[in-house]
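**Student:** Pasting in a structure now, in structure tokens, and then I'll have a few things to ask.
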Amino acid sequence: MKEVYFVRHAKSSWGDMSLSDHDRGLIERGVNDAELVSRILAGSGVIINGAFSSDAVRALKTADIFTRNLNTNHIQASRDLYLAGTYSIIHFLYNLDDSFNSILVFGHNPGFTDLINHYSKTPFENVPTSGVFHIRYEIESWKDVKTARGTLINTWFPKDFR
């Protein structure tokens, strides 16, 4: 079995218009929401053995918060996850080493909202910033992810805990 906790990056700053989209950081609310949700995940017993993130600054800063609270020190940044769509994300998973069984993937909308709707029987309008959704795949190898029908197990959205 393989499990993925998809995490949309925390609320980012638009304050410095000289920064590219890729280089935008987090605002205080984003940091607070990421802390809140990651601590809830840690408190519910989530165990991770890898983390993969878009290489955008806001995604990497979110990954730092989550991995610290979930006690994992593995973060791999990938340009392939920057603004990736559903099939690009699935292709990314396809190429993972099978030693990873339960992972975090940090990315962006609209890709993550499209992805949750790919797996959910109930439509989602939006995965919010710092929002997490858990997909379980009944597979032994990531090579089988392209044809596997993942199951949406749970969601954790900041507004549900404020």
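**Student:** Between residues in the stretch 16-40 that are in contact (Cβ under 8 Å) with a residue 12 or more places away in the chain and in a loop (DSSP other than H, G, I, E, B) and residues that are polar (S, T, N, Q) and crowded, with 17+ Cβ neighbours inside 10 Å, which pairs lie under 7 Å by C-beta distance while being six or more apart or on different chains?
**Tutor:** Cβ pairs passing all conditions: 24/12; 25/12; 27/12.
**Student:** Moving on. Scan the stretch 130-143 residue by residue and report those that are of a type in the set (Ser, Thr, Tyr), surrounded by 15 or more Cβ atoms within 10 Å (Cβ to Cβ) and out of contact with any helix residue (DSSP H, G or I) (no Cβ under 6 Å at 6 or more places or on another chain). Show your work before the answer.
**Tutor:** So in the stretch 130-143, the residues of a type in the set (Ser, Thr, Tyr) come out as 130, 137, 141.
This time we only want the ones that are surrounded by 15 or more Cβ atoms within 10 Å (Cβ to Cβ), so: 130, 137.
Answer for the stretch 130-143, where residues must be of a type in the set (Ser, Thr, Tyr), surrounded by 15 or more Cβ atoms within 10 Å (Cβ to Cβ) and out of contact with any helix residue (DSSP H, G or I) (no Cβ under 6 Å at 6 or more places or on another chain): just 137.
**Student:** I'd like to check something: does the stretch 93-115 contain any residue that is over 22 Å from residue 128 (Cβ atoms), within 13 Å of the chain's Cα centre (by Cα) and not in a strand (DSSP E or B)? It would help to see each step written out before you state the result.
**Tutor:** Residues of the stretch 93-115 over 22 Å from residue 128 (Cβ atoms): 93-102.
Within this subset, residues satisfying the condition of being within 13 Å of the chain's Cα centre (by Cα) are 93, 102.
Narrowing the set further to residues that are not in a strand (DSSP E or B) leaves 93.
Looking through the stretch 93-115, at least one residue is over 22 Å from residue 128 (Cβ atoms), within 13 Å of the chain's Cα centre (by Cα) and not in a strand (DSSP E or B).
**Student:** Residues in the stretch 41-62 that are farther than 14 Å from residue 4 by Cβ and either out of contact with any helix residue (DSSP H, G or I) (no Cβ under 9 Å at 6 or more places or on another chain) or not in a loop (DSSP other than H, G, I, E, B) (or both): how many? Break it down into steps so the answer makes sense when it comes.
**Tutor:** First, pick out the residues of the stretch 41-62 that are farther than 14 Å from residue 4 by Cβ: 42-45, 54-62.
Narrowing further to those that are either out of contact with any helix residue (DSSP H, G or I) (no Cβ under 9 Å at 6 or more places or on another chain) or not in a loop (DSSP other than H, G, I, E, B) (or both): 42-45, 54, 57-62.
The number of residues fulfilling the criteria is 11.
**Student:** Scan the stretch 88-126 residue by residue and report those that are modelled with pLDDT under 95 and either hydroxyl-bearing (Ser, Thr, Tyr) or under 21 Å from residue 51 (Cβ atoms) (or both).
**Tutor:** Correct list: 119, 120, 122.
**Student:** Another question about this same structure. Can residue 90 be described as surrounded by fewer than 19 Cβ atoms within 10 Å (Cβ to Cβ) and more than 18 Å from residue 11 (Cα to Cα)? Can you show your working first?
**Tutor:** Details: surrounded by fewer than 19 Cβ atoms within 10 Å (Cβ to Cβ): yes; more than 18 Å from residue 11 (Cα to Cα): yes.
Taking the combined requirement at face value, the residue satisfies it.
**Student:** A further question follows. I'd like the residue in the stretch 69-84 that is more than 13 Å from the chain's Cα centre (by Cα) and in contact (Cβ under 8 Å) with a residue 12 or more places away in the chain and, out of all such residues, is surrounded by the most Cβ atoms within 10 Å (Cβ to Cβ). If you could, list the steps in order and put the result at the bottom.
**Tutor:** Taking the stretch 69-84 first, the residues more than 13 Å from the chain's Cα centre (by Cα) are 69-74, 79-80.
Restricting the remaining residues to those that are in contact (Cβ under 8 Å) with a residue 12 or more places away in the chain gives 69-72, 74, 79-80.
On the way: 69: 19, 70: 17, 71: 9, 72: 17, 74: 13, 79: 11, 80: 15.
Result: 69.
**Student:** Going by what's in this entry, would residue 77 be described as assigned to a strand (DSSP E or B) and modelled with pLDDT of 95 or more? Full working, then the answer.
**Tutor:** Working: assigned to a strand (DSSP E or B): yes; modelled with pLDDT of 95 or more: yes.
Taking the combined requirement at face value, the residue satisfies it.
The values are calculated or read from the model by the stated rules, or taken from the named source; none is laboratory data. Predicted model only: the values in this text are computed from it and were never measured. Every residue, glycine as well, gets a Cβ built from its backbone with ideal geometry; the counts of neighbours run over all protein chains shown.
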